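Data first, discussion second: the structure below is written as structure tokens.
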Amino acid sequence: MKLAFRFSYFGDRFFGSQVQPGLRTVEGEFIQACRRLRLFDDWREASFATAGRTDRGVHARNQVCSFTTDLPDRAITALNPVLPADIWCTAWTEAPEGFHPRYSAVSRTYRYYFTPIPGDTAAMHAAAQSFLGRHDFSSFSRTSERNPERTILAARVVEEGPFAVFEVTGESFLWNMVRCMATALEWVGRGEADAGKITRLLDEPGEQRLPAAPPEGLILWDIDC
């Protein structure tokens, strides 16, 4: 049976989510727990996959993974007690035929938490609207051979207690893209840039590559499959 799990994790003690030999990663710990329960022997044969990758220090509220197993009841009841304390499952379902957490995802939502609040959150929110639609995000990501065009469906900046929160939903994202977007908005909040700066970076992609904001403030908030 193919199962899909929704799970969360604190990213502080992981070297990212993707499996890396000799390093503690989210996928590595999840696969190790599955092996300990004898849910599968080879994660590739079990088609273990997650909906997306996160960098070192990045957290997740609603990540999604799937795999096949002959022991679904054991997976459902025993995974959480075996997983390390900084990873925990919050929901499960039997996955339909052809389901793949990455390719079946129609959108992803991230939140970046600024503390202290950079300054003018209203200006940050107004500037965030420049990201909406389909653009070339070369200036807002690390160099990659992937198509730099991405579609942003929603973006906002709000205050929540001691934080300013940048929430963005898109079909998919480039490497470090949200953290680079957060850098641009922080500049706006501090009065060091305006919405026009963001528009110019989108209209003239690659002219300047923004630095990525620190990973600790980023959370993979939700995935819509």
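The values are calculated or read from the model by the stated rules, or taken from the named source; none is laboratory data. Everything quoted here is computed from the prediction, not taken from an experiment. Reconstructed Cβ throughout: ideal geometry from the backbone, glycine too, with neighbour counts over all protein chains shown. To get the accessible areas, we keep the full protein, side chains included, count just its heavy atoms, and leave off ligands, DNA and RNA. Shrake-Rupley method; radii C 1.70, N 1.55, O 1.52, S 1.80 Å.
Placing +1 on the Cβ of every Lys and Arg and -1 on the Cβ of every Asp and Glu, with nothing else charged, gives the chain a dipole about its Cα centre of roughly 380 debye.
For trypsin sites (Lys or Arg not before Pro), the sites in segment 1-56 that DSSP calls loop and that have at most 10 other Cβ atoms within 10 Å are Arg44. Calculate what fraction, in whole %, of the accessible area of the chain sits on carbon and sulfur atoms when a 1.4 Å probe is rolled over the protein chains. Roughly 48 percent of what the probe reaches on the chain is carbon or sulfur.
Of the residues Met1, Met181, ranked by 1.4 Å probe accessible area with the largest first, the sequence reads Met1, Met181. Rounded to the nearest whole Hz, the Karplus-based 3J(HN,Hα) values (6.51 cos²θ - 1.76 cosθ + 1.60, θ = phi - 60°) of segment 28-44 follow the sequence x, 5, 5, 5, 4, 5, 5, 5, 4, 8, 6, 6, 6, 9, 10, 5, 6, with x at glycine and proline. Amide H contacts of Trp92: Arg6, each under 5 Å away and 5 or more positions distant or on a separate chain (H built 1.01 Å from N in the peptide plane; Pro and chain starts excluded).
With 0.36 nm allotted per residue and the present C-alpha distance subtracted, the Asp70-Asp42 stretch has 8.8 nm of extension available. Hey, how much of the P(r) for the chain falls beyond 31 Å, as a percent of Cα pairs? It works out to 26 percent of all Cα pairs.
The distance linking segment 53-71 with segment 95-167 is 19 Å (Cα centroid to Cα centroid, whole angstrom).
Note on the chain: helix-only mean residue ellipticity at 222 nm, from DSSP H runs of 4+ residues weighted -39500 (n - 2.57) and normalised by residue number, equals -7000 deg cm²/dmol. Looking at the square roots a ≥ b ≥ c of the eigenvalues of the Cα gyration tensor of segment 1-42, which shape do they give, rounded for a/c under 1.5, prolate if a/b is larger than b/c, or oblate? Oblate, because a/c is 1.5 or more while a/b does not exceed b/c. The GluC sites (Glu not before Pro) of segment 122-225 meeting both criteria, a DSSP state outside H, G, I, E and B (loop) and at most 15 other C-beta atoms within 10 angstrom of the site's C-beta, are Glu145, Glu171, Glu192, Glu207.
Just add up the charged neighbours of Ala182: K/R +1, D/E -1, any other residue whose Cβ is under 12 Å from the Cβ of Ala182. With Lys, Arg at +1 and Asp, Glu at -1, the net is -1. Computed over the alpha-carbon atoms, segment 25-129 gives an Rg to Rh ratio of 1.08, Rh here being the Kirkwood radius from the mean inverse distance. Taking a ≥ b ≥ c as the square roots of the Cα gyration tensor eigenvalues, segment 111-171 comes out prolate, since a/c reaches at least 1.5 and a/b is larger than b/c.
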